[in-house]
1. Report, by residue number, each residue of segment 77-102 that is touching a helix residue (DSSP H, G or I) at 6+ places or on another chain (Cβ under 9 Å) and either among the hydroxyl-bearing types (Ser, Thr, Tyr) or at pLDDT below 95 (or both).
2. Give just the number: which of (1) at pLDDT 95 or above; (2) among the hydrophobic types (A, V, I, L, M, F, W, C); (3) touching a strand residue (DSSP E or B) at 6+ places or on another chain (Cβ under 8 Å); (4) under 25 Å from residue 162 (Cβ atoms) does residue 36 not satisfy?
3. Of all residues in segment 146-165, count the ones that are open to solvent by 50 Å² or more (accessible area, probe 1.4 Å) and either without any contact (Cβ under 8 Å) to a residue 40 or more places away in the chain or part of a helix (DSSP H, G or I) (or both).
4. Give me the pairs: first residue in segment 198-223 and touching a residue at least 24 places away in the same chain (Cβ under 8 Å) and of a type outside the set (Val, Ile, Thr), second residue open to solvent by 30 Å² or more (accessible area, probe 1.4 Å) and in a helix (DSSP H, G or I), beta-carbon distance under 7 Å, and six or more apart or on different chains, which are they?
5. Inside segment 24-41, can you point out the residues that are of a type in the set (Gly, Ala, Ser), touching a Phe, Trp or Tyr at 6+ places or on another chain (Cβ under 9 Å) and within 30 Å of residue 218 (Cα to Cα)?
6. Please enumerate the residues belonging to segment 25-58 that are open to solvent by 10 Å² or more (accessible area, probe 1.4 Å), among the hydroxyl-bearing types (Ser, Thr, Tyr) and assigned to a strand (DSSP E or B).
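The values are calculated or read from the model by the stated rules, or taken from the named source; none is laboratory data. Fair warning: this is a prediction, and the values are worked out from it, not measured in the lab. With ideal geometry, Cβ positions are generated from the backbone for all residues, glycine too; neighbour counts draw on all protein chains shown. What goes into the accessible areas is simple: the full protein's heavy atoms, side chains included, and nothing from ligands, DNA or RNA. Shrake-Rupley method; radii C 1.70, N 1.55, O 1.52, S 1.80 Å.
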Amino acid sequence: MPFIDEFPFPRRKDSGRCWPYSSDFSESVIALKVPMLSPIFGPTEIYPALLKDEDGLTLVDTGMLGQFEALKQTVEDSGAQVSDIKRVIITHQDIDHIGNLQELVDRIPGLELLAHADDIPYLNGSLPLVKFSPERIAQMPGGFQDLAHNFLKCLPGLGAFTVLKDGDMLPWGGGVEVIHTPGHTPGHICLYLPNDKLLLAADELCVVEGKLAGPAEWATPDMPLALHSLRKLEGRPIAKVLCYHGGLFEGSPQPLIEELA
């Protein structure tokens, strides 16, 4: 039985579906609010993003392993289809960000995959994922362990990744700047959309009880480097921050950067 089926999602009164809403930030960005069941910490929510262009959609991160249906239904709730996705930008290698890569590659012919050079050796199976070790997998439910082992075997077959580097300007969603923010993983990136003054912070920042916070220390192998990387977010007029964990923070991250970095 798929791991997703173990999650008792609350039902929406309007449609009877089990997935919550998504939000249009602008004409070019949709924030997806996807329910996620962590095999360690239980139910929570994550916030991938869709960048909209005339040629289709760019998905930023893919959600948790074994929970493709939650991602699919949330995309459909936003008015799009999974088949509209033309490319996937991976902000970093953590399993809750890459867990549905295989499903997407299988369903979308010609899907382009993009990631920072420093995380690609992990994504293509050349190196073991930094935080998804056999010891950690062994602590998870048996059904998830089977999914994990099968997923890891599939990584070399995902195909080639387009290499991203710090400072790259991508054309999608009205324009996207790649900001390399290592520490949480070697190739962790944030994405800045200047037209919307929006930062897609991935796991470099999070929202906790409505307040902006730094990277989670328990999940960040090199915390000093991750805090140092916060300085790389400076110098841009940021009015909104979308965090993969916690959702939207309206305001500038600069006060927090001054406090932490």
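1. If the condition is that a residue be touching a helix residue (DSSP H, G or I) at 6+ places or on another chain (Cβ under 9 Å) and either among the hydroxyl-bearing types (Ser, Thr, Tyr) or at pLDDT below 95 (or both), then 83, 91 are the ones that fit.
2. Residue 36 satisfies all of (1) at pLDDT 95 or above; (2) among the hydrophobic types (A, V, I, L, M, F, W, C); (3) touching a strand residue (DSSP E or B) at 6+ places or on another chain (Cβ under 8 Å); (4) under 25 Å from residue 162 (Cβ atoms) except (4).
3. Total meeting the criteria: 9.
4. Pairs found: 214/227; 214/260; 223/217.
5. If we filter segment 24-41 for residues that are of a type in the set (Gly, Ala, Ser), which is where we start, we get 26, 28, 31, 38.
Adding the requirement that they be touching a Phe, Trp or Tyr at 6+ places or on another chain (Cβ under 9 Å) leaves 28, 31.
Hit for segment 24-41 is 31, nothing else.
6. 38, 44
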